[in-house]
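Chemist: Structure below; questions to follow.
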């Protein structure tokens, strides 16, 4: 009897310790440390023509594709936390120029990303953060600079912008698309690259007409978006991957909402 009671007490203690560790890990560890940027940039403030994206979806893409690893690289040279494709970076830069994006765009070549210091723990370092045209050591803290796409904030900013850009494009060009389809199609196009999707559709159309040299008008390709997307999402593994992102988004949503309330409270003080 005493042994059972002792085992029960030990079990309760372990559960309590696990719960506390989980909260600490979320608030201070890898899982929660990007939330402020996710919540900030998913609003798409100051981005004309783009609507806010669901921060839970942004975080789920990050979790499923890279498990929150900032230095991640994909098979087609996608980079960073959100595995942003090269196309997404290029479209972002074309849209923004240099403007206020000193933390992202190379000051010596607006068609390239610059290098930034990723250190955010150094005292007053964020205010001293600057953009470098090449890899070097930060004069403030001595840490080696990284290409901006591997910087947390820059990657999340570009990734959420690109996801919103794709969503807006599909919403405008795919007739009769509903919210569930829009989410699935947007996730698919983000993880594959919208121009890659167009190129694949064009190649399939050329194969159908047995004329590899024929130019396919863009409007014909756009009209083929829905059947193409539906066909791709009928593939078991692709559908499973997208459904997993949706499930993870539902898990992340309550914690992100809680974090958003905390950030709003602290900013209003």
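The values are calculated or read from the model by the stated rules, or taken from the named source; none is laboratory data. As the structure is a prediction and not an experimental result, all values here were calculated from the model. All Cβ positions, glycine included, derive from the backbone under ideal geometry; neighbour counts span all protein chains shown.
Chemist: Select, from 62, 82, the only residue that is part of a helix (DSSP H, G or I), modelled with pLDDT of 95 or more and out of contact with any strand residue (DSSP E or B) (no Cβ under 6 Å at 6 or more places or on another chain). Let's see the steps before the verdict.
Modeler: Details: 82 fails: part of a helix (DSSP H, G or I).
Just a single option satisfies the conditions, and that option is 62.
Chemist: Please name all residue pairs, on different chains or six or more residues apart, with Cβ atoms under 7 Å, provided the first residue is in segment 29-56 and is at positive phi and in contact (Cβ under 8 Å) with a residue 12 or more places away in the chain and the second residue is surrounded by 16 or more Cβ atoms within 10 Å (Cβ to Cβ) and assigned to a loop (DSSP other than H, G, I, E, B).
Modeler: From residues that are at positive phi and in contact (Cβ under 8 Å) with a residue 12 or more places away in the chain, the pairs are 44/50; 44/53.
Chemist: For segment 139-155, how many residues are in a loop (DSSP other than H, G, I, E, B) and touching a strand residue (DSSP E or B) at 6+ places or on another chain (Cβ under 9 Å)? Even if it seems obvious, please write down each step before you answer.
Modeler: At the first step, the residues of segment 139-155 found to be in a loop (DSSP other than H, G, I, E, B) are 139-143, 145, 151.
From the residues that got through so far, the ones that are touching a strand residue (DSSP E or B) at 6+ places or on another chain (Cβ under 9 Å) too are 143, 145, 151.
Looking only at that region, the number is 3.
Chemist: Another question, if that's okay. Among the residues that make up segment 156-172, is at least one of them at negative phi, crowded, with 16+ Cβ neighbours inside 10 Å and not in a helix (DSSP H, G or I)?
Modeler: Looking for residues that are at negative phi, crowded, with 16+ Cβ neighbours inside 10 Å and not in a helix (DSSP H, G or I), one finds none in segment 156-172, hence no.
Chemist: Of the conditions (1) within 23 Å of residue 91 (Cα to Cα); (2) touching a residue at least 60 places away in the same chain (Cβ under 8 Å), residue 219 clears all except one; give me its number.
Modeler: The number of the failed condition is (2).
Chemist: Follow-up. Go through segment 65-79 and give me each residue that's out of contact with any helix residue (DSSP H, G or I) (no Cβ under 9 Å at 6 or more places or on another chain) and assigned to a loop (DSSP other than H, G, I, E, B).
Modeler: 67, 69, 75
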